[in-house]
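Some notes on the structure that comes next.
The values are calculated or read from the model by the stated rules, or taken from the named source; none is laboratory data. Bear in mind that the values here come from a model prediction, so they are computed numbers and not experimental data. We place every Cβ from the backbone using ideal geometry, glycine too, and count neighbours over all the protein chains shown.
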Amino acid sequence: MNSKIWREEMVRGWGMAVGGMAKVLRPTTAEQVADAFGEVRALGGAMALRGSGCSYGDAALASGGRVLDLSAMNQILAFDPIRGIARVEPGVTIRKLWQHTIAFGWWPKVVPGTSAVSCGGAAAMNIHGKNNFAMGTFGESVLAFTLLTPQGELLRCSREQNADVFFAAISGFGMLGCFTELTIELKRVHSGRLKVAAIVARDLAHNLQILEDMRGAADYLVSWLNLHASGRALGCGVMHRADQFEPGEDPEGLRYFDPALQDVPTSMFGVVPKGWLWPGMWAATNLGMVRAINWAKFKAAPLEARGSPYVQSHGAFHFLLDYVPRWHWMTKPGGLVQFQPFVPYATGELVLRTVIEECQKAKLVPYLGVLKRHRPDPFLMTHSVDGYSLAMDFAVSTKKQKRAQLWGLCQRLAEVVLQAGGRFYYAKDAMLLESSFARVHGAAATQQFRALKQRLDPQRMLQTDLSRRLGV
Ligand SMILES: Cc1cc2nc3c(=O)[nH]c(=O)nc-3n(C[C@H](O)[C@H](O)[C@H](O)COP(=O)(O)OP(=O)(O)OC[C@H]3O[C@@H](n4cnc5c(N)ncnc54)[C@H](O)[C@@H]3O)c2cc1C
């Protein structure tokens, strides 16, 4: 593909519920990124940056405008296997990164639920993993980066150099400039596997209690909630705890430093390609079987708990969502949206209970609910809090009225969360109102971010459907 030609394409959020036509360019070098910036600057138009396009909503879209897709800038420029430090182009995916480093006993400190995301997108959204309570966000593992500003200036940023830009561009959802190179610190692992234990949580309070009891010692914690359960069982779920092995504790696990043994299998029983599974899942979703599937999953949980602990490769534990390629197509044609409130510890139980109850009352129950523990981080536009998040996936109807009902519900729930001092995460958002922006971040951070935007991008070249919706 010619990396110098803008092509008219349909560009969607990963959830497929929002999107629009845009002119797309896929540069392969930092010089081509600079040329594209120069061209758009001269034309006076606007442009969105895009990594792997894994944001669920409109964070990497520019309907009717231009999109600079960085996925072809995907070279690992250097890796130091003694210190575990990698220098990468922004389009390098988390998968490409660990495939390169695991053989030396290094794994990224923070990984999301899919390994398809790019390092540029991970830094721009400051993503979190199942260890956010212990290891912090992705930005905390970034040592330095170069940022090409819309004015054409190449800024070298770290905690010591251009620190204000460092702490704002990480978490700055692609508003301040384009990462052209990132230096990332990885963590030492002594086995290619993790010890995993399943714990049945009776209800929401029990789930939260497990998070509090274990977060001092566990490496990873995540709970899958059955959001159909009500009454005393409301918020019940299956918590998974995973821990790293100590040096020498898992000699067999050294074999799993082979990247081929980390990847999730692409077929079932070695025969059925998993890419063929989504039509079955589509049928289950459309026949209203989600409730029954959730119920069966939670009935099976005690069996899994009795068989705990067991071992799993890092890849198998983290990237469960990569097991079935294109699983999100099960929500076609309407697609899906995710609503992920972050709520402070003190009001966490009450707010999450209210959110789940309101979904049930509205008869719009998410087919998936994932609970995590978080900690604050030093980035300006952070979504993280000392508390919890509950990621809820909703299938979207193609019927206008039903879609509006879902948007209305989420906006009502957002109000509950904001009143309790909660936050939101733009990688997952599709429906927050403009008035929410300052309420999520507070007046001081909002003002500081707007001032940086004015300094680095006075022409407001970098815009996305998300930034326009939030009036950034
Ligand atoms: C199945 C699935 C599971 C997920 N699980 C998690 C999870 O567990 N935790 C979590 O935190 N997130 C999770 N996510 C969300 C995902 O990690 C974020 O949306 C991430 O930002 C996606 O990276 P991307 O490369 O696809 O970026 P895109 O979605 O393409 O872009 C994201 C943002 O980054 C900006 N951007 C992209 N490249 C650059 C660049 N070079 N310079 C500056 N800005 C840039 C874009 O403008 C946009 O604002 C999940 C997503 C999926 C699909």
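With respect to H374, is the statement that it is in contact with a helix residue (DSSP H, G or I) (Cβ under 6 Å, 6 or more places away or on another chain) and within 15 Å of the ligand (Cβ to nearest atom) true?
Details: in contact with a helix residue (DSSP H, G or I) (Cβ under 6 Å, 6 or more places away or on another chain): yes; within 15 Å of the ligand (Cβ to nearest atom): yes.
Here the answer is yes, as H374 does meet what is asked.
Before we move on, is A34 within 12 Å of the ligand (Cβ to nearest atom), among the small types (G, A, S) and more than 30 Å from M392 (Cβ to Cβ)? Spelling it out, it is not the case that A34 is within 12 Å of the ligand (Cβ to nearest atom), among the small types (G, A, S) and more than 30 Å from M392 (Cβ to Cβ).
Count, please, the residues in segment 47-96 that happen to be within 18 Å of P27 (Cβ to Cβ), part of a loop (DSSP other than H, G, I, E, B) and touching a Lys or Arg at 6+ places or on another chain (Cβ under 7 Å). Total satisfying the criteria: 2.
Yes/no matrix, rows are residues, columns are (1) more than 8 Å from the ligand (Cβ to nearest atom); (2) in contact with a strand residue (DSSP E or B) (Cβ under 6 Å, 6 or more places away or on another chain):
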residue	(1), (2)
D80	yes, no
I85	yes, yes
F104	yes, no
I127	no, no
F133	yes, yes
F145	yes, yes
R159	yes, no
A168	yes, no
F179	no, yes
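Considering only residues in segment 265-301 that are of a type in the set (G, A, S) and surrounded by 13 or more Cβ atoms within 10 Å (Cβ to Cβ), the one that is modelled with the highest pLDDT turns out to be A301. When the residues of segment 344-370 are filtered to those that are under 24 Å from C54 (Cβ atoms) and in contact with a Gly (Cβ under 9 Å, 6 or more places away or on another chain), the one that is farthest from the ligand (Cβ to nearest atom) is G369. Taken together, S384, S389 contain a single residue that is crowded, with 17+ Cβ neighbours inside 10 Å and either among the basic types (K, R) or under 30 Å from T146 (Cα atoms) (or both), which is S384. Only helices (runs of 4 or more DSSP H) whose full extent lies in segment 354-468 are considered here, and the ones with at least 2 residues that are within 19 Å of F173 (Cα to Cα) and out of contact with any Phe, Trp or Tyr (no Cβ under 8 Å at 6 or more places or on another chain) are 436-441, 443-456. If the condition is being more than 13 Å from M125 (Cα to Cα) and in contact with a helix residue (DSSP H, G or I) (Cβ under 8 Å, 6 or more places away or on another chain), then segment 155-176 contributes L155, C157, S158, R159, D164, V165.
Selection of segment 302-350 for residues being among the aliphatic types (A, V, I, L, M), outside any helix (DSSP H, G or I) and at pLDDT 90 or above yields V311, L336, V337, V343.
Scanning segment 351-379 for residues that are free of Cβ contacts under 8 Å to residues at least 60 places away in the same chain and of a type in the set (A, V, I, L, M, F, W, C) turns up A362, L364. In segment 46-63, the residues that are within 9 Å of the ligand (Cβ to nearest atom) form Cβ pairs under 7 Å with partners that are among the aromatic types (F, W, Y) and in a loop (DSSP other than H, G, I, E, B), at six or more places apart or across chains, as follows: G53/W14; C54/W14; S55/W14; Y56/W14; A59/F173; A59/Y426.
Can you tell me which residue within segment 156-170, out of those that are touching a residue at least 60 places away in the same chain (Cβ under 8 Å) and buried (at least 17 other Cβ atoms within 10 Å of the Cβ), is farthest from E39 (Cα to Cα)? If we take residues in segment 156-170 being touching a residue at least 60 places away in the same chain (Cβ under 8 Å) and buried (at least 17 other Cβ atoms within 10 Å of the Cβ), then F167 is farthest from E39 (Cα to Cα).
The number of residues in segment 430-472 being at pLDDT below 95 and crowded, with 23+ Cβ neighbours inside 10 Å comes to 1. Going through (1) in a strand (DSSP E or B); (2) surrounded by 15 or more Cβ atoms within 10 Å (Cβ to Cβ) one by one, A34 falls short only on (1).
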